[in-house]
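Since the structure comes first, as structure tokens, the remarks are kept for the end.
The values are calculated or read from the model by the stated rules, or taken from the named source; none is laboratory data. These numbers come from a predicted model, not from an experiment. Here the Cβ positions follow ideal geometry from the backbone for every residue, glycine too, while neighbour counts run over all protein chains shown. Surface accessibility is based on the protein's heavy atoms, side chains included, excluding ligands, DNA and RNA. Shrake-Rupley method; radii C 1.70, N 1.55, O 1.52, S 1.80 Å.
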Amino acid sequence: MHIARTLSELRAALATSERPAFVPSMGNLHAGHLALVRQAKPLGDTAVVSIFVNRLQFLPHEDFDSYPRTFESDCAQLEALGCDVLFAPTETDLYPQAQTFKVQPDPALANILEGEFRPGFFTGVCTVVMKLFSCVFSGGKGVAVFGQKDFQQQLILRHMVRQFALPIEIVTVPTSRAADGLALSSRNMYLSDSERAQAVQLSAALKDLVAKALELAAKGGSHAGSLEGHWDMTALESQALEGLRSLGWQPDYLTVRRQADLSPMDLSRHEPLVALGAARLGKTRLIDNLLA
Ligand code: PAF
């Protein structure tokens, strides 16, 4: 595996690649990241992974400084998987001057859900991903692989690629989960043993919410007599938030949206849905989603 520390080293390593298959990451790799790399490998002629903890997507009070940095073990795992090129720039390589030009995603997609609770997050993500794309795909076409775990992120990046007519295919890989159903995440390592045992409650709450939403939709929305008098999605979502709160969580949102644009589900239409949630357990903020 070639380790490129600078943009010129990366360009030299990719000089003959006609179709890089790229997995951007912030490191601290776990089985979920490795699944993305495995999916990416056969999709291009050169498998490229980046490791860069992107300051632009962290709010001042968030965990930029303490975000786990595990470069040696990340390298060993990527090497074992047959990754061809690892791009691991320093901050001054990727942002030699303050990054004053930013990619501002559509507020309708980026200021809701994660964007409501982490203002500016998706501007930071889009800006760094655009920059990484221009480093990795300087020869033109390629494919980039993202996890479904960050559903809103992959949707916004798909829009970015379309709006800027980038010749890059985006592939989304289903979320990797622990045996109990907890979505794998670098932030799971912040959980205490008792929090870890409890953490699956977030995906369980989403499962329950989506089942009730589908039941409500099947009954046409306003005829859901079996749902204890709760007639609409707002009531179901409030119930779900209350349920998690009663278990000791501090939820930000639990909701069912249309997969296409994250707008509220329309109970009268049968269309692909996604239940999304974010909640804090102790000091750890977890997110998850389920497709329906
Ligand atoms: O999903 C992540 O790890 C990050 O948001 C990404 C896409 C690598 C951008 O920093």
* Asked: Of everything in region 242-292 that's in a loop (DSSP other than H, G, I, E, B) and polar (S, T, N, Q), which residue is surrounded by the fewest Cβ atoms within 10 Å (Cβ to Cβ)?
  -> SER268
* Selected residue (only one of TYR95, TYR190 is among the hydroxyl-bearing types (Ser, Thr, Tyr) and within 15 Å of the ligand (Cβ to nearest atom)) -> TYR95
* Would region 102-110 turn up any residue that is in a loop (DSSP other than H, G, I, E, B) and either over 22 Å from the mean Cα position of the chain (by Cα) or basic (Lys, Arg) (or both)? -> yes
* **Close pairs (6 angstrom Cβ cut-off, 6 or more residues apart or separate chains): closer than 19 Å to GLU72 by Cβ in region 1-26, away from the ligand (no atom under 16 Å from the Cβ) and open to solvent by 20 Å² or more (accessible area, probe 1.4 Å) anywhere** => MET1/GLU79; HIS2/ALA13; ALA4/ALA13
* Take GLU237 and decide whether it is over 21 Å from the mean Cα position of the chain (by Cα), without any contact (Cβ under 8 Å) to a residue 40 or more places away in the chain and over 21 Å from ALA204 (Cβ atoms). => no
* **Criterion violated by VAL23 - all others in (1) hydrophobic (A, V, I, L, M, F, W, C); (2) within 21 Å of ALA98 (Cα to Cα); (3) near the ligand (Cβ under 10 Å from one of its atoms) satisfied** => (2)
* Check on ARG38, assigned to a helix (DSSP H, G or I), open to solvent by 40 Å² or more (accessible area, probe 1.4 Å) and out of contact with any strand residue (DSSP E or B) (no Cβ under 8 Å at 6 or more places or on another chain) -> yes
* Structure fact -> Subset of region 51-101, residues assigned to a helix (DSSP H, G or I), of a type in the set (D, E, K, R) and open to solvent by 20 Å² or more (accessible area, probe 1.4 Å), comes to ARG55, GLU72, GLU79, GLU91, ASP93
* Structure fact -> Note on region 42-98: residues in contact (Cβ under 8 Å) with a residue 60 or more places away in the chain and in contact with a strand residue (DSSP E or B) (Cβ under 6 Å, 6 or more places away or on another chain) are LEU43, GLY44, VAL48, SER50, LEU78, CYS83, ASP84, VAL85, LEU86, PHE87, ALA88
* Flag for ALA13 being open to solvent by 60 Å² or more (accessible area, probe 1.4 Å), more than 16 Å from the ligand (Cβ to nearest atom) and modelled with pLDDT of 95 or more -> no
* Asked: If you scan region 133-184, which residues turn out to be in contact with an Asp or Glu (Cβ under 6 Å, 6 or more places away or on another chain) and surrounded by fewer than 22 Cβ atoms within 10 Å (Cβ to Cβ)?
  -> VAL143
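Looking for something without any contact (Cβ under 8 Å) to a residue 60 or more places away in the chain, open to solvent by less than 10 Å² (accessible area, probe 1.4 Å) and either touching a Leu at 6+ places or on another chain (Cβ under 8 Å) or at negative phi (or both) - is there at least one such residue anywhere in region 124-132?
Yes; the residues of region 124-132 include at least one that is without any contact (Cβ under 8 Å) to a residue 60 or more places away in the chain, open to solvent by less than 10 Å² (accessible area, probe 1.4 Å) and either touching a Leu at 6+ places or on another chain (Cβ under 8 Å) or at negative phi (or both).
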